[in-house]
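What follows is a single structure, written as structure tokens, with notes after it.
The values are calculated or read from the model by the stated rules, or taken from the named source; none is laboratory data. On a predicted model such as this, the values are computed, not experimentally measured, just so you know. Cβ placement follows ideal geometry from the backbone for every residue including glycine, while neighbour counts extend to all protein chains displayed. For accessibility, only protein heavy atoms count, side chains too; no ligands or nucleic acids. Shrake-Rupley method; radii C 1.70, N 1.55, O 1.52, S 1.80 Å.
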Amino acid sequence: MIIAVASGKGGTGKTTVASSLALVAAEKGEVLFLDCDVEEPNGHIMLKPRWHKKETVRVPVPEINQEKCTLCGRCAEVCAFHALVVLPREVMLFPTMCHGCGGCWHLCPTGAISPGWREIGQVEEGSSGKIGFVQGRLNVGEAISPPLIQAVKERIRPGVLNIIDAPPGTSCPVIRAVKGAGFCLLVTEPTPFGLHDLELAYEMAIRLGVPCGVAVNRSDGDDSSIRQFCHDNSVPLLFQLPQDREVARGYARGIPAVEVRPEWKGHFLALLAFLEKGGYARCAN
Amino acid sequence: MRELVVLSGKGGTGKTTVCGNLAVLASSKVMADCDVDAANLYLLLDPVLKSSSPFYGLKKATINREKCLGCNLCLHLCRYDAIGPGFVVDPVLCEGCTVCYHACPCGAVEMIEHVAGHLFLSDTRYGPLVHARLGIAEDNSGKLVAAVRKEARRLAEEGTKELIITDGPPGIGCPAISCLSGADLVLVVAEPTFSGRHDLERVLELAKHFGCRAAVCINKWDLEPENTRALESLCNRYSVPVVGYLPYDESVMEAVKGGRPVIQECSGPMEEGILALWDELKALLELR
């Protein structure tokens, strides 16, 4: 089972919810936590894994053999991302613009271009008690994260509960993180920001065909706007975590919410029961 | 004219709230919301929409089955697994790289114009606001960010405004990079949490990488004063000044919930903090 935790927006409590869910689930069985927010991975701060393994992730980029190159300009012409520029004496590559599509090396008429490799980040693997832990870490200054997210997801283990902490937003990185999940938990907060971003995240999940449910974080007791949204779209509202300064302080010091408030475990147990029963299948749209 | 870009490394640290407050305080400015995935600034500024224009992303491939001979070359060459059974292109996976278009021996691939989002121009009682919405599952957020900034710059020049306040996207990837190039000052909003420190370090590293001048505002500084000191020493190490301290204040959530910039509702330490931040920024940006 793969559960993605997404929110449309950062700061709503994805990592709080995902790490607490992992801790509660680990009391019952095997869990793998995959931090796919590769631009700012934070799950490790809550779960404090011991690292076992680190692998470099590379993407293909063109390597140009200047001796074979006739400066015909075909490579720059076919590059949709403007990563290649033909100068009077050489072809210049802007590596961060390259998407590694391979157009230039397939289409170069003189065979002067071959695929090379460029490092974009690392995948780190470890464990925290019974929780397996994987995270991606994008190199600073690197623009393209989906291949790194893909590399994290290649570590998904069949037969265990895989929890994906997704990046914010609704564009390519989130799509890559959530695609293929069995269920998407949408974390929101009861503000106009939260509602607005929940609508976007919900549309994203629908677009990907992933059934979803909603969890409210920092509830002040009046979640009527979120409740209305869930009602109108027939999305289950799974639980509400109250606004709590002690939990915020715990987060600040790297202490997971369910350790500060053990009484919140019930919410996560109920969520696990809901998933086990296949309750999510009914939410599929 | 100056451009102030507000970034945070991570979402939810208070970028938009800080921008909303600066929008109230600055007199001659244009606002730009560059969080094109999840634009929120307009929710605080009560805008009246003036115009909307489509934003074109890279063209996407479609395969004309009448011309297609089924040679499978496109399938082999597509690195994004975007071409499915029956040579149907999945528009979510297609990156518009045109490899199939150029390689197809029968000219069966067509590249189709593709609306990836919208760019909006609005009026608010605090001044003009440029914002955007990227379609769900679209890429090219960096390009749309660039389009928002360009429009804001045009408006600012036209109206001889002295400042552009840009609410940035989260993260340190493509949209954040597109947002900070050429800015006069990057204000990083940070939280005194372990993750906040980690995120701050990565965004300061990004600013350094691109040679941008940065300053830091610590939001909720009193939540964990020890972590606030850790943020200060991190800033010290990067020679970046801390120019603002905002307290943890639950009335902020009330104001945001009501869709209003905080400064109009608060008093005491929060109000003082925002006013002091603005004074520091004015000095750094050499504004009157």
Listed by chain and number, the residues whose amide H is under 5 Å from that of A:N139, excluding neighbours fewer than 5 places away on the same chain and using placed H, are A:G121, A:Q122
Tell me which residues come under 5 Å, amide H to amide H, from B:A214 once H is placed; ignore anything under 5 positions away on its chain. B:V186
Sequence order, segment B:169-177: Karplus ³J(HN,Hα) from phi using 6.51 cos²θ - 1.76 cosθ + 1.60, θ = phi - 60°, Hz rounded, Gly and Pro as x, gives x, x, x, 10, x, 3, x, 5, 5
Candidate cut points under GluC sites (Glu not before Pro) in segment A:168-255, DSSP loop plus at most 14 other Cβ atoms within 10 Å of their own Cβ, are none
Spacing of the two label points (7 Å from each Cα toward its C-beta) at B:A230 and B:K208, in nm: 1.8 nm
Send over a whole-number figure in Å² for the accessible area per residue of segment B:177-288, probe 1.4 Å. 43 Å²
Where in segment B:225-266 does accessible area fall by at least 40 Å² between the isolated chain and the complete protein assembly, at a 1.4 Å probe radius? B:Y248, B:M253, B:V256, B:K257
Using a probe radius of 1.4 Å on heavy atoms only, what accessible surface per residue do you get for segment B:1-124? Whole Å² is fine. 40 Å²
In sequence order, what are the phi-derived ³J(HN,Hα) couplings for segment A:11-16 according to the Karplus relation 6.51 cos²θ - 1.76 cosθ + 1.60 with θ = phi - 60°, rounded to whole Hz, with x for glycine and proline? x, 8, x, 3, 5, 4
Put a dot 7 Å past each Cα toward the Cβ at B:M1 and B:L275; how far apart are the dots in nm? 3.1 nm
By how many degrees, 0 to 90 and rounded to 10, does the Cα axis of helix B:194-209 deviate from the longest principal axis of chain B? 70 degrees
Check cross-link reach from B:K67 to the lysines: straight Cα distance under 21 Å, and skip same-chain residues fewer than eight apart. B:K59
Relative contact order (percent, whole number), chain B, Cα cutoff 8 Å, 6+ residue spacing: 26 percent
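Over both sides of the A-B contact, add up the buried accessible area with a 1.4 Å probe and give it to the nearest 100 Å². Can you show the working numbers first?
Values: alone 13830 and 14150 Å², together 22660 Å².
Adding both sides of the contact gives about 5300 Å².
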Note down the accessible area of A:M97, probe 1.4 Å, to the nearest 10 Å². 80 Å²
List the aspartates and glutamates whose Cα sits under 15 Å from the Cα of B:K29, skipping any in the same chain fewer than 8 residues away. B:E3, B:D123, B:E151, B:E157, B:E158, B:E162, B:D167, B:D184, B:E286
Gap in Å between the Cα centre of segment B:128-176 and the Cα centre of segment A:22-53? 34 Å
Which whole-Hz couplings ³J(HN,Hα) result when phi for each residue of segment A:37-44 is put into the Karplus expression 6.51 cos²θ - 1.76 cosθ + 1.60, θ = phi - 60°, listed in order with x for Gly and Pro? 7, 6, 6, 9, x, 10, x, 5
With Cβ to Cβ distances under 11 Å as the rule, what net charge do the other residues near B:Y101 carry (K, R +1; D, E -1)? +1
All lysines inside 17 Å of A:K277 as judged from Cα atoms, apart from same-chain residues fewer than 8 positions distant: A:K28
Is there a pair in A:K48/B:K257; A:K179/B:K220; A:K14/B:K15; A:K153/B:K15 whose C-alpha atoms are over 28 Å apart, and which pairs would that be? A:K48/B:K257; A:K179/B:K220; A:K153/B:K15
Overall form of segment B:1-122 per C-alpha gyration tensor (a/c, 1.5; a/b vs b/c): prolate
Accessible area in square angstrom per residue, segment A:73-146, 1.4 angstrom probe: 41 Å²
Going by amide H atoms built from the backbone, whose H comes under 5 Å of the H on A:S219, apart from near neighbours? A:L241, A:Q243
I want to check the label-to-label distance for A:K53 and B:H76. Put each point 7 Å from Cα in the C-beta direction and report it in nm to one decimal. 3.2 nm
